[in-house]
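The values are calculated or read from the model by the stated rules, or taken from the named source; none is laboratory data. The structure presented is a predicted model; accordingly, all values stated were derived computationally and were not measured. All Cβ positions, glycine included, derive from the backbone under ideal geometry; neighbour counts span all protein chains shown.
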Amino acid sequence: MSKLIYTIPSSNHNEKALIEIFTNHSEIKFVSFVGIDLSGNDTDEKIPVKVFLDDIQSFLHGVAIQTDGSSVVLPGIATLNDAKVDMITDLNCNWFVDYNYDHIDPLTQNPVGTLRIPSFLLHNNKPVCSRNILTASIDTFKTNLLKVFKNKPETLKAFGITFDEIDEIVITSASELEFWVKTPNNIASIEELSTSEVLHEHYWTKTKGSVRTALEESLLLMDAYGFEPEMGHKEVGGVKAKLDTSGQFDHVMEQLEIDWKYSDAIQAADNELFIKNLVQETFRRNGLDVTFMAKPIDCVAGSGMHIHLGVSLKLTNGKRINLFQATKDDFLSCIGYGAIMGMLKNYEVMNPFISSTNNALKRLKPGFEAPICVVTSLGLSPDNPSRNRTVLIGLIRDLQNPLATRFELRSPNPHTNVYLAIAVSYMSMLDGILYALENNKTEEELLAELSKKSGESADYLEKTRAYRTEEDVFEFFSDDERNKYFGKAPSTVYENLVQLDKYPKKLNVLKRNNVFNDVLINSFKLAVIQRWTTEISSRVISNYMHEIRTFKILHGPTALDLDVSTWMKINDLRHYIMKDTYATNSLFTRVRESLVKEDYSDASRLCLELDDKMSKLRRLYSDYKRNLIDIY
């Protein structure tokens, strides 16, 4: 195992080096070209290494791979009568070898490997994939920032450098991965999980048994690939596992987190994609299921995937300068203030690309450390960094390490398309940075504008909104106050998606330099609507049906009037949600009918009612069972 090759850097993406690698590592049997569609799905096919080597120049420098448009999510682009999608190799990033530890090569006694090569997707010679959007956004960010530095050299004076000293702008990003792990077919009760969460019985406690083994194996493998893992630990959710008669832990239901080192933006997205697969497979080999759902269990903490965003300069003398780090006694530089203001102002058009699923929005609820308001926290003073976990975008600062200054976007989840999330973040940052630099704003002016109260006018930020608080957003403000000061968050996928139509000026921020265009945005919207409607009609309603059928009468003839009355309320609610009659349609039927008619506004409203009724039904049934002494 120690002789396996895990990562092939860009310096080896040439015919000579690859032939040598395949010759010395015959356990690598396949090559797979990985394209990322607009939903964040990655392609995977098995091309035998011999086929790859027979036409290696074409694979590396031409359009040697094609895929059917029906196999990737590009609605409105790759249609049934024009479905061919070409794949172009990305030579400028790390390539990873994915090993199948269940399949051992008899000659080398090593696991069979597949070299995964990141690729761009093209339709009719036009790039149409998430990878290209991220690449274009980073190029646009760098080009525009360099243009300002060249045309307005005074913008660099605070950093003590001149334009000629700049070697390149470096975009650094990183993500954190939270996930739930369990033994197959075992499900702990919501009440048990919720109680453990409130008591913080699992946060940062010791992992045991197969969970510990799988976590350690994951971290060691990540290190072998060069991801530089920083830590793995238990998160807040979970219950205590049980020891079976064989001495093994069973009834596992735990939430974990894994962190690793930052990279450049595109590499960071590639790393996150590969690490999710690595973690899932490693835990599976240890007999454990992993889910990356944002909210796998109602009323219990969901899983986030916080994204860290930074910008620095690499100088010709090799020195690094963090462009967000304050150059005097302040929270941020002018560029840093502009960046965070850009994200806060334009978040309405960022959000659809970050929280695009029904499950993602279920996570963003008060009380679970998941952000629900477009707001930031900077700290009580520059020498007192904030770690307010209730805000959307946090400022991360280390007083001992200026290069560590960055922003933490807390709304993404493990199913977020990280390529698009990073892309919309930097495009929005650029908008705010250009405002700050082109208008010669000082740090004091920008801090005052960022800290303004709702109703106060500003040059860039909106008058009706506040954007900064150092308070606990969940505890300090009422629901009405949160909505008034920070805006009402979308509650459904449809409510989130219509923001792309509601805010055309903000959408133009993403369209700068054609990074996003109408064709790509329309395709993304079609994909999100299709996934949302299919999930609601075929999965959510089906799961609710199964759940409702488990709410059975439990009391006998000697039950008290309270028990009978409660059951009548339960049964009435069951019928309202699920049962059609000649005179009335159930809530389920009305939801489905709205989706069929494509009346998404009505479907959105009915889905909110459905979730509310199901929550009420669960509470009633819990109260009903709790009051029974004898169950029949």
*asked:* For residue 466, only one of the following conditions fails: (1) over 23 Å from residue 37 (Cβ atoms); (2) surrounded by 15 or more Cβ atoms within 10 Å (Cβ to Cβ); (3) under 22 Å from the mean Cα position of the chain (by Cα). What is its number?
replied: (3)
*For segment 132-174, which residues satisfy the criterion of being outside any helix (DSSP H, G or I) and exposed (fewer than 15 other Cβ atoms within 10 Å of the Cβ)?*
152, 160, 162, 167, 168
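Working carefully through the options 348, 272, find the one that is within 20 Å of the chain's Cα centre (by Cα), of a type outside the set (Gly, Ala, Ser) and crowded, with 23+ Cβ neighbours inside 10 Å. Show your work before the answer.
Working: 348 fails: crowded, with 23+ Cβ neighbours inside 10 Å.
Within the list 348, 272, the selection yields 272.
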*Counting just the residues of segment 396-427 that are surrounded by fewer than 23 Cβ atoms within 10 Å (Cβ to Cβ) and of a type in the set (A, V, I, L, M), which one comes out nearest to residue 294 (Cα to Cα)?*
396
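Just need a number here: residues in segment 205-223 that are outside any helix (DSSP H, G or I) and surrounded by 17 or more Cβ atoms within 10 Å (Cβ to Cβ). It would help to see each step written out before you state the result.
If we filter segment 205-223 for residues that are outside any helix (DSSP H, G or I), which is where we start, we get 205-208.
Right, trim to surrounded by 17 or more Cβ atoms within 10 Å (Cβ to Cβ) and you get 207.
Residues meeting the conditions: 1.
Enumerate the helices (runs of 4 or more DSSP H) found wholly within segment 540-616, keeping only those where 1 or more residues are closer than 25 Å to residue 499 by Cβ and under 29 Å from the mean Cα position of the chain (by Cα). Steps first, answer last, please.
Values: elements: 541-550, 561-578, 587-596.
By residue number, 587-596.
Rundown of residues vs (1) under 23 Å from residue 509 (Cα atoms); (2) in contact with a helix residue (DSSP H, G or I) (Cβ under 8 Å, 6 or more places away or on another chain), yes/no style:
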residue: 397; (1), (2): no, yes
residue: 412; (1), (2): yes, yes
residue: 426; (1), (2): yes, yes
residue: 437; (1), (2): yes, yes
residue: 444; (1), (2): no, no
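Determine, yes or no, whether residue 46 is out of contact with any Ser or Thr (no Cβ under 6 Å at 6 or more places or on another chain) and more than 25 Å from residue 221 (Cβ to Cβ). Before the answer, list the steps.
Numbers: out of contact with any Ser or Thr (no Cβ under 6 Å at 6 or more places or on another chain): yes; more than 25 Å from residue 221 (Cβ to Cβ): no.
No; evaluated as a whole, the condition is false for this residue.
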_Please return the ranges of helices (runs of 4 or more DSSP H) entirely within segment 455-502 where 1 or more residues are at pLDDT 90 or above and over 29 Å from residue 381 (Cβ atoms)._
479-486, 493-497, 499-502
*Can you tell me which residues in segment 490-505 are over 14 Å from residue 353 (Cα atoms) and either among the hydroxyl-bearing types (Ser, Thr, Tyr) or touching a residue at least 40 places away in the same chain (Cβ under 8 Å) (or both)?*
491, 502, 503
*asked:* Suppose the filter is in the same structural domain as residue 142 (by TED's automatic domain parsing), under 20 Å from residue 502 (Cβ atoms) and crowded, with 21+ Cβ neighbours inside 10 Å; does residue 378 pass it?
replied: no
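Residue by residue through segment 528-567, note down the ones that are under 30 Å from residue 72 (Cα atoms), of a type in the set (S, T, N, Q) and either surrounded by fewer than 18 Cβ atoms within 10 Å (Cβ to Cβ) or not assigned by TED's automatic domain parsing to the domain that holds residue 579 (or both). Give the steps one after another, and end with the answer.
Initial filter on segment 528-567 (under 30 Å from residue 72 (Cα atoms)): 528-544.
Pick out the ones that are also of a type in the set (S, T, N, Q) and you get 530, 533-534, 537-538, 542-543.
Scanning segment 528-567 gives 530, 534, 537, 538, 542, 543.
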*Out of the residues in segment 376-419 that are among the β-branched types (Val, Ile, Thr) and under 18 Å from residue 324 (Cα atoms), state the one that is nearest to the chain's Cα centre (by Cα).*
393
*Out of all the residues in segment 292-323, which are in a loop (DSSP other than H, G, I, E, B) and under 12 Å from residue 158 (Cβ atoms)?*
323
*Complete set of residues in segment 577-621 that are closer than 30 Å to residue 562 by Cα, loosely packed, with under 14 Cβ neighbours inside 10 Å and in contact (Cβ under 8 Å) with a residue 24 or more places away in the chain*: 608, 615
